[in-house]
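Throughout, read-outs are computed from the coordinates displayed, never taken from laboratory work. Everything numeric in this text was worked out from a predicted model, so none of it was measured. We place every Cβ from the backbone using ideal geometry, glycine too, and count neighbours over all the protein chains shown.
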Amino acid sequence: MPRIVVDVMPKPEILDPQGKAIVGALPRLGFTAFSSVRQGKRFELTVDGEVTEEILAQARNAAETLLSNPVIEDVVNVEVVEA
Amino acid sequence: MPRIVVDVMPKPEILDPQGKAIVGALPRLGFTAFSSVRQGKRFELTVDGEVTEEILAQARNAAETLLSNPVIEDVVNVEVVEA
Amino acid sequence: MTETSAGSITETKKFNIDTVENAAKTPDTELPWAELGLKQNEFDEVVTVLGRRPTGAELAMYSVMWSEHCSYKSSKNHLRQFGEKVTDEMKKDMLVGIGENAGVTNLGDGWAVTFKIESHNSPSFVEPYQGAATGIGGIVRDIISMGARPVAVMDPLRFGAIDHPDTARVMHGAVAGIGGYGNSLGLPNIGGEMVFDSVYQGNPLVNALAVGVMRHEDIRLANASGKGNKVVLFGARTGGDGIGGASVLASESFDDTKPSKRPAVQVGDPFAEKVLIECCLELFKGSLVEGIQDLGAAGISCATSELASNGDGGMEVELTSVLLRDPTLTPGEILMSESQERMMAVVTPENVAAFEAVMDKWAVEYSWLGEVTDTGRLIITWEGEVIVDVDPRTVAHDGPVYDRPYARPEWQDAVQADAFTGSVQDAGRPSAPADLAAAVTELISSPNMCSKSWITKQYDRYVGGNTAMAFPDDAGVVRVDEETGLGVALATDANGRYTYLDPYHGAQLALAEAYRNVATSGAVPMAVSDCLNFGSPEDPAVMWQLAEAIRGLSDACMVLGIPVTGGNVSLYNQTGTTPIHPSPVVAVLGKLDDVARRTPSGWREDGQAIYLLGTTAAELDGSEWSNMRGHLGGLPPKVDLAAERALGEILINASRDGMVDSAHDLSEGGLAAALVESALRYGVGARIALQDVLDRDGVDLFTALFSETQGRAVVAVPRSEEIRFTDMCTARGFAHTRIGVVDAEGGTLEINGVETLSLEALREAHEATLPKYFG
Amino acid sequence: MTELPLIGEATAAGAGAERSLAGAKIGVVTFPGTLDDRDAVRAVRLAGATPVALWHADTTLGDVDAVVIPGGFSYGDYLRAGAIARFAPLMSRIIDAANSDAKLPVLGICNGFQILTESHMLPGSMIKNDQLKFMCRDQLLRVENNTTSWTGDYAAGQEITVPLKNQDGQYIADEKTLDALEAEGRVVFRYVGFNPNGSRRDIAGIANAAGNVVGLMPHPEHAVEAGFGPEIGSDTEGLGFFTSVLNKIVGDNK
Ligand SMILES: Nc1ncnc2c1ncn2[C@@H]1O[C@H](COP(=O)(O)OP(=O)(O)O)[C@@H](O)[C@H]1O
Ligand SMILES: [Mg+2]
């Protein structure tokens, strides 16, 4: 079944405490290559049947209204993935 | 600066309480096209300079050890994104 | 130095730096003072004070520090009364009074307690979770900066109508935010308030209180003394938080690139704050800081100018040393930023290494900004060039003060003349037993009187192991000393409807209730903190409400003999031209020599005698009953502070001498609410007969149950103590009536003249309301 | 006069404690973000043992006879509860000592339990409570196994009330693991009457095969002192965890 992936990230100017905690932990484990980390969310919406334009529009709309908080987050990606 | 994106999703057989709550809320907002939703995490790791094979290997390694818990989660994607 | 973020920010930035030298040479440069919120007269004052035009950075500092929020320019003239109407007796236990980050009260045995209440109203409307979370974060930093270990928080809340579509958003977010932040700090939540009223629809009130304890020798003040001592900024990095409007600092814009976006809201990092708490306590323990100040509103502007002006009067700071989260910040923006989880301290050169060791242990980032001087000037440089050169007092203390016009609004008379009794809404007042039973059930399931456990179960009440009482008792009680059982009790109260009907007495009623709540727990009231939530001070009617409330509160504090030790004013709480009800939230702190003696609010022992203390008048105006019927008019219940004091003494003595096993004061919802709450507390009912009360006070059963006459409480007295207890009341001339007995068997609340109420049904009704609306 | 102890600063055993018991040293670990370490220290002290503060960055365990990993939000719980704490230097020592022949008793409470699962010392994992909210309540538990290092003072099947407070408390594991846990008697505590977070098979706590490592979501250290514990039932029913391990230590040393 096809899925629509929605990626949501904290806005760049907004503090991301989670990313901050991770970037602090990485070097302690020997992962020294990364200068910053930000943690966002990935949603996978399953569609029964074909992904029409209308359904994709629904997904975009849901991404902006329910799946993200526009005050602090950006929807960075909405795309269809075949299973 | 280039970033490495790491996507982590709850294992398919694991109940996802957040996804469940979302799939319950969607139809109330008129989004009726989706039969299930799962919520995972998206990490963006920033690299100062070029993403070498070694750095990508570090990212894969970090994804498996720190960024995900293999008991409940799968790393579904590790890829380089140019800014 | 610990680098938790490797972001390289060392690259020299190319701003059009507006130096003091440049300002002197270019007196006619246009400055965006109006966009920054200054009035013409205020800007002129800045120019007079400096003897030249301000630099961009100076303008940033003055504009934030002279804002209503930081300068109290509209309320200062009235707030003075809190400092003036105090007796020596009231000052006896006050170790630190108004003017510092929070007041400090002596508890004896070398212990001291500090507490303060603050608002985070408008951020909590924009983004409820983060707004409420950072509200907790901010008030906790005030407590740390006094040298105390924070030990508990409270959260008085006021939201719009319970059934309005937007209320759920605010409710879910704010409660989760308070819990998310407070729980992560390991601070038990020991109380608060929840009121729904459509006047708060566009302007919810999210107030937060924190309390901390310390040994006397650990008290720290916000001052920078000792020439040559080092100034350090530590905690989170500085980002563009809270400076939305500051991008108008055109004179500072980038040469080459545009500044990145500034955050619309601040995001809290409770983990960073928890680490900051432990790290500060370790600094205090090692006596490693001379002075310390939290960073809240007005950020570095506030911290540097307050530290400097409270100390030897001088400081020099290099602003490029500030660690940044966003490298595009201009100097003015850095000065104004309200990024959370930061502190500033003054450290002697000898202690620098030890200070750094504590920072490294807790992996807290820090940077040395400069040092204390004796020049009386606050000098801030950017790569060595002077961009600020001011007398810090002019920034921190000598802001504008306004005597804003105020006047009793014309509508006040009409509102006060519109009594509930006999009004349209009063039609069909219940009197039959079945109707009275239904009325009681309706009352205790109404939005304001229903159980708040939907909220409180999202808060950790156990962490720390010192919580002796919390929800749903009248006051929160925390143990301070494990060996002696010494502890403190706290309650916060406000009644916007009473205050709307009569601001002077309404504010006094808030104090009286908080005082009564604390005494009911068995604690001796000692100190007051207040958060004055009002509309726009530029509206003479609102200004009158504010002036009257402050006058009422300060007068009442004199009579009750407890001083105001600190607080906060939140103005402009209105939607369009419609202000919220005036809402002075009053917190009272009391002391218990041994928290084992605290009095809970519920019945437990079968056969104990139940007494009603105080007399009942027909006072339904502004009551929950009239509110349920959609009426607001008339005059609030009478204030009798002497009676409150007498009642308090009875409750405190009774607790100390073991004469009562439970006590619950009467407030919103009157006797009906108090009886149901006393029964539901432990699921133990009672048989009640009110005939003696009706005969003595000349009221009917409905009035006896629903009137909100003040100065009353219900207590349960063990049989063996009855004579001693009634003798005490008689000796003090305080009205007391035996109204029934505790019934641990029946599972019901029986009130003569009211159809029997099953506790199960009452609980169901009481607890169903919030889940019904909020899931 | 008592000084306000810093987090993790352990005070010596109460004066009334028996000498042999007070000789037992129980370590209490503090990570950045740990919250209930002072409570755990108090519980150890009230049980009669000597609490020893352990710091996450320490590289030795000293001579402690048992270790408690208390609750809180280590590293803010930002990535996953316990995910970052598990990599602390001290955790490697704890893992080694627990798996050594000496079988050091280790108790993980709430965040401590999450750290134990993230470290794979205990199977399964915790996800968000099914109602997605932080929940604080007095919780009834059944002690299913009283043969572990931490439950010897309870009767098998005994029901106790201790506070529960968490956001990520839903215990999950695959069916095979759950069946194995049941078969081996390693389900140590089960929720009774009400499952507060949706945990599989009402599991509140589990043990490793040897029974020296125990983890649970509810908080026994908040039920050790009259007047400060749960309101329903007795308020000191958590003290048994700490007296159990003490008796075990003293018994082993005889
Ligand atoms: N309503 C009030 N009642 C008494 N004191 C007040 C009130 N409002 C403000 N204060 C006092 O004025 C001082 C400055 O207040 P504020 O700016 O809120 O402190 P901070 O800068 O620590 O946030 C504090 O000592 C505070 O306690
Ligand atoms: Mg302050």
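Counting only residues at least eight positions apart within a chain, or on another chain, the lysines with an alpha carbon under 24 Å from that of D:Lys248 are D:Lys25, D:Lys103. Using the Karplus relation 6.51 cos²θ - 1.76 cosθ + 1.60 with θ = phi - 60°, the per-residue 3J(HN,Hα) values for region D:42-55 come to 4, 4, 4, 5, 5, 6, x, 9, 9, x, 10, 6, 10, 9 Hz, with x marking Gly and Pro.
Mean separation of Cα pairs under 8 Å and 6+ residues apart, divided by the residue count of chain D: what relative contact order is that in percent?
Values: 603 pairs, mean separation 47.2, N = 254.
Reported relative contact order: 19 percent.
Between 0 and 90 degrees, the angle of helix B:17-28 with respect to the longest Cα principal axis of chain B falls at about 50 degrees.
Could you grab the relative contact order for chain B? Cα pairs under 8 Å, six or more apart, rounded to a whole percent. Could you put the intermediate results ahead of the total?
On the way: 116 pairs, mean separation 46.7, N = 83.
Relative contact order here is 56 percent.
Summary of packing: across the peptides C:531-543, D:22-34, the per-residue average of other C-beta atoms within 10 Å ranks them, highest first, as D:22-34, C:531-543.
Pairs of Cα atoms nearer than 8 Å and 6+ residues apart set the relative contact order; for chain C it is 15 percent. Note on C:81-92: average number of Cβ atoms from other chains within 10 Å of each residue's Cβ is 0.
Dipole orientation for the protein assembly as shown: of the candidates C:Ala549, D:Asn129, C:Ala222, D:Asn129 has the Cα lying most toward the positive pole (charges on Cβ; Lys, Arg +1; Asp, Glu -1). What you get for chain D, charging only the Cβ of Lys and Arg (+1) and of Asp and Glu (-1), is a dipole of about 180 debye around the Cα centre.
Evaluated with a Cβ-only charge set (Lys, Arg +1; Asp, Glu -1), the protein assembly as shown carries a dipole of roughly 1220 debye about its Cα centre, given to the nearest 20.
Summing Cβ point charges (Lys, Arg +1; Asp, Glu -1) relative to the Cα centre of region B:3-81 gives a dipole of roughly 620 debye. The sum of -39500 (n - 2.57) across all DSSP H runs of n ≥ 4, divided by the residue count of chain D, sets its helix-only mean residue ellipticity at 222 nm to -6500 deg cm²/dmol. Shielding value for D:64-73 is 2, the average number of Cβ atoms from other chains within 10 Å of each residue's Cβ.
The angle between the Cα long axis of helix C:641-656 and the main principal axis of chain C comes to about 80°, on a 0 to 90 degree scale. Working note: 222 nm ellipticity from helices only, DSSP H runs with n ≥ 4, each -39,500 (n - 2.57), summed and divided by the residues of chain A, gives -6500 deg cm²/dmol to the nearest 500. For the Cα atoms of chain B, what angle does the longest principal axis make with the long axis of helix B:53-62, in degrees from 0 to 90, nearest 10? Orientation of helix B:53-62: about 40 degrees from the principal axis. Label point of C:Ala617 set 7 angstrom out along Cα-Cβ; within region C:546-567, no amide nitrogen lies under 16 Å from it. Give the residue from A:Gly19, A:Val51, A:Ile72 lying farthest towards the positive end of the charge dipole for region A:3-81; charges sit on Cβ (+1 for Lys and Arg, -1 for Asp and Glu) and the dipole is referred to the Cα centre. It is A:Gly19.
Would you mind counting up the charge near D:Thr177? Only other residues with Cβ under 15 Å from its Cβ, with Lys and Arg at +1 and Asp and Glu at -1. Numbers along the way, then the final one.
On the way: positive: B:Lys11, D:Lys176, D:Arg186, D:Arg200, D:Arg201; negative: B:Glu13, D:Asp174, D:Glu175, D:Asp179, D:Glu182, D:Glu184.
Neighbour charge sum, excluding D:Thr177 itself: -1.
When you count, for each residue, the other Cβ atoms within 10 Å and take the mean per peptide, how do C:123-131, C:357-365, A:56-64, C:81-89 rank with the highest first?
On the way: C:123-131: 23.4, C:357-365: 17.0, A:56-64: 18.8, C:81-89: 13.9.
By packing density, highest mean first, the sequence is C:123-131, A:56-64, C:357-365, C:81-89.
A Förster distance of 56 Å, applied to the separation of the beta-carbon atoms of D:Asp174 and C:Glu764, puts the FRET efficiency at 0.90.
Per residue of D:126-138, what is the mean number of Cβ atoms on other protein chains within 10 angstrom of that residue's Cβ?
On the way: counts 3, 9, 5, 1, 4, 3, 6, 8, 10, 4, 12, 3, 1.
Average neighbour count from other chains, rounded to a whole number: 5.
Projecting the Cα positions of D:Ile84, D:Tyr154, D:Val214 onto the charge dipole of chain D (unit charges on Cβ atoms of Lys, Arg, Asp and Glu, taken about the Cα centre) puts D:Ile84 furthest along the positive direction.
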